[in-house]
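Report on the structure given below.
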Amino acid sequence: MLLGATIILAVRNAEKGKKAREVLLKSCPQANAIIKLVDLTDFVSIREFANQLTLEYEKIDALINNAGIIFHPYKRTVDGNEITITTNYFGPFLLTHLLLNLLSKSDNGRVINLSAVAHLRGKIKLDDLNSEENFVEIEAFSQSKLALTMFTKYMASLLKHTRITFNAVNPGLVRGTRHLRNSRLTTSFITKLSVWPWMWLFMKTPYQGCQTVIYAAVDPFLANVSGCYFSNCEIQKPSDLVNDIQLSENLYKRTCEIVKIDGENIINKVVECEDKEI
Ligand SMILES: NC(=O)c1ccc[n+]([C@@H]2O[C@H](COP(=O)([O-])OP(=O)(O)OC[C@H]3O[C@@H](n4cnc5c(N)ncnc54)[C@H](OP(=O)(O)O)[C@@H]3O)[C@@H](O)[C@H]2O)c1
């Protein structure tokens, strides 16, 4: 199905972006796909990317915060934050705020955040979001996906009187992507040989894995559905912490400090703008 949209492939590696674009054009030659560079671990890069889009486009209909890493060893980003929570949560948090104005120009701007089942095991360490005291790779991943899912619901409540919606999607376990590139499942030959064939059987293909994302991004029936967590194209119950309003507010404020934005001001401007238009 061709919806006539311009697709911006926001990638950190131009060569990989080109290859992705070629694959896209093979199955859909009329697609209008443009490559733009952004590194979600670098707040300056995110700002430059958002500025470019603001100069070049009048609106954004759907922002899919897809980039994510797991099992990455401890590493600090250029801004001094831990890399997993930055890629999976701080980066998308900043980008979403910087693009809110463009999203508000759409009749139904949608933000889709890629979560994971692992968010259910996550804990929020408000005073140590960067896991400096005790870093465990899988805990850093679970925390980042929980934070992203809480952010989704919290933004939906802050912007409930606007046309922008926010939903989180769990794609399921998907094979054939590079998500497990840092996992022992792919780096250890023995583990690969013994576990992989079984996992392979039960995992989704990339085609299957992206169906819920597409559903959340384009299905007309979801125009007013916001603040939900989807799996297999159905609304499912997320972690109880996602409904903890006080914790969500504290997390939101702490994250604004880390990414250095005045979130309240950005939200108020978008709400005021939409009020005037309605
Ligand atoms: N696959 C699964 O089983 C699974 C399960 C649950 C949730 N998820 C979530 O689904 C999403 C997609 O995962 P996937 O399976 O497609 O994994 P993937 O193949 O590793 O794709 C992740 C994408 O994120 C990009 N990325 C990573 N760091 C980035 C950065 N700093 N700046 C810009 N882009 C960056 C990667 O770019 P490069 O190509 O340049 O590395 C890659 O294109 C992720 O959020 C993941 O956490 C996946």
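Of all the residues that make up the stretch 62-79, how many are in contact with a strand residue (DSSP E or B) (Cβ under 7 Å, 6 or more places away or on another chain), more than 16 Å from R178 (Cα to Cα) and surrounded by 14 or more Cβ atoms within 10 Å (Cβ to Cβ)? Don't jump to the end; show me each part of the working.
Step one: of the stretch 62-79, the residues in contact with a strand residue (DSSP E or B) (Cβ under 7 Å, 6 or more places away or on another chain) are 62-66, 68, 74, 76.
From the residues that got through so far, the ones that are more than 16 Å from R178 (Cα to Cα) too are 62-65, 74, 76.
The next check asks that each one be surrounded by 14 or more Cβ atoms within 10 Å (Cβ to Cβ); those that pass are 62-65, 74.
Qualifying residue count, the stretch 62-79: 5.
Please pick out the residue among K105, K123 that is of a type in the set (D, E, K, R), over 24 Å from E48 (Cβ atoms) and modelled with pLDDT of 95 or more. Spell out how you get there, then give the answer.
Details: K105 fails: over 24 Å from E48 (Cβ atoms).
Of K105, K123, the one residue that is of a type in the set (D, E, K, R), over 24 Å from E48 (Cβ atoms) and modelled with pLDDT of 95 or more is K123.
Taking the criterion of being within 26 Å of P171 (Cα to Cα), aliphatic (A, V, I, L, M), at pLDDT 95 or above and away from the ligand (no atom under 15 Å from the Cβ), would at least one residue in the stretch 66-79 satisfy it? No, the stretch 66-79 contains no residue that is within 26 Å of P171 (Cα to Cα), aliphatic (A, V, I, L, M), at pLDDT 95 or above and away from the ligand (no atom under 15 Å from the Cβ). Considering the conditions (1) over 19 Å from L148 (Cα atoms); (2) surrounded by 18 or more Cβ atoms within 10 Å (Cβ to Cβ); (3) under 17 Å from the mean Cα position of the chain (by Cα); (4) of a type outside the set (D, E, K, R), T212 is excluded by exactly one of them, (1). Selection over the stretch 192-233 of residues that are more than 17 Å from A62 (Cβ to Cβ) and within 16 Å of the ligand (Cβ to nearest atom) gives a count of 18.
Can you tell me which of (1) without any contact (Cβ under 8 Å) to a residue 60 or more places away in the chain; (2) assigned to a loop (DSSP other than H, G, I, E, B); (3) within 11 Å of the ligand (Cβ to nearest atom) is the one T86 doesn't meet? With respect to (1) without any contact (Cβ under 8 Å) to a residue 60 or more places away in the chain; (2) assigned to a loop (DSSP other than H, G, I, E, B); (3) within 11 Å of the ligand (Cβ to nearest atom), T86 is out only on (2). Only one of the listed residues (R163, R184, R175) is near the ligand (Cβ under 8 Å from one of its atoms) and either surrounded by 12 or more Cβ atoms within 10 Å (Cβ to Cβ) or not assigned by TED's automatic domain parsing to the domain that holds V270 (or both). That residue is R175. Contact annotation: residue pairs with Cβ atoms under 6 Å, 6 or more positions apart or on different chains, pairing a residue in the stretch 170-181 that is touching a residue at least 40 places away in the same chain (Cβ under 8 Å) with a partner that is open to solvent by 70 Å² or more (accessible area, probe 1.4 Å), are N170/V117.
Within the stretch 1-53, restricting attention to residues that are in a loop (DSSP other than H, G, I, E, B) and within 9 Å of the ligand (Cβ to nearest atom), which residue is surrounded by the most Cβ atoms within 10 Å (Cβ to Cβ)? Spell out the reasoning first.
Of all residues in the stretch 1-53, those in a loop (DSSP other than H, G, I, E, B) come to 1-5, 12-13, 28-31, 38-42.
Within this subset, residues satisfying the condition of being within 9 Å of the ligand (Cβ to nearest atom) are 12-13, 38-42.
Details: R12: 15, N13: 12, V38: 20, D39: 20, L40: 25, T41: 22, D42: 17.
Applying the filter and picking the extreme gives L40.
All conditions in (1) assigned by TED's automatic domain parsing to the domain that holds L129; (2) aromatic (F, W, Y); (3) more than 24 Å from H161 (Cα to Cα) hold for W198, with the sole exception of (1). Mind checking whether some residue in the stretch 80-97 is under 26 Å from I245 (Cβ atoms) and open to solvent by 20 Å² or more (accessible area, probe 1.4 Å)? Looking through the stretch 80-97, none of the residues is under 26 Å from I245 (Cβ atoms) and open to solvent by 20 Å² or more (accessible area, probe 1.4 Å). When Q143 is tested against (1) assigned to a helix (DSSP H, G or I); (2) modelled with pLDDT of 95 or more; (3) loosely packed, with under 15 Cβ neighbours inside 10 Å, just one condition goes unmet, and that condition is (3). Within the stretch 103-117, restricting attention to residues that are open to solvent by 10 Å² or more (accessible area, probe 1.4 Å) and more than 10 Å from the ligand (Cβ to nearest atom), the residue that is nearest to R12 (Cα to Cα) is R110. Among residues of the stretch 214-230 that are in the same structural domain as M150 (by TED's automatic domain parsing) and of a type in the set (S, T, N, Q), those with a Cβ under 7 angstrom from a residue that is open to solvent by less than 40 Å² (accessible area, probe 1.4 Å) and assigned to a strand (DSSP E or B), sequence gap 6+ or separate chain, pair up as S226/T165; S226/F166; S226/N167.
Restricting to the stretch 193-209, count the residues that are crowded, with 16+ Cβ neighbours inside 10 Å and out of contact with any Pro (no Cβ under 9 Å at 6 or more places or on another chain). Let's see the steps before the verdict.
The first filter runs over the stretch 193-209 and keeps only residues crowded, with 16+ Cβ neighbours inside 10 Å, leaving 203-204, 209.
Checking the rest, the ones that are also out of contact with any Pro (no Cβ under 9 Å at 6 or more places or on another chain) come to 203.
Summing the residues that are crowded, with 16+ Cβ neighbours inside 10 Å and out of contact with any Pro (no Cβ under 9 Å at 6 or more places or on another chain) in the stretch 193-209 gives 1.
For the condition away from the ligand (no atom under 14 Å from the Cβ), more than 19 Å from G263 (Cβ to Cβ) and hydrophobic (A, V, I, L, M, F, W, C), what is the one hit in V169, V136?
Values: V169 fails: away from the ligand (no atom under 14 Å from the Cβ).
Selected residue: V136, the only one of V169, V136 that is away from the ligand (no atom under 14 Å from the Cβ), more than 19 Å from G263 (Cβ to Cβ) and hydrophobic (A, V, I, L, M, F, W, C).
The values are calculated or read from the model by the stated rules, or taken from the named source; none is laboratory data. Here the structure is a predicted model, which means the values were calculated and not measured. Neighbour counts run over all protein chains shown; Cβ positions are idealised from the backbone, glycine included. Calculation scope for accessible area: heavy atoms of the full protein, side chains included, ligands and nucleic acids excluded. Shrake-Rupley method; radii C 1.70, N 1.55, O 1.52, S 1.80 Å.
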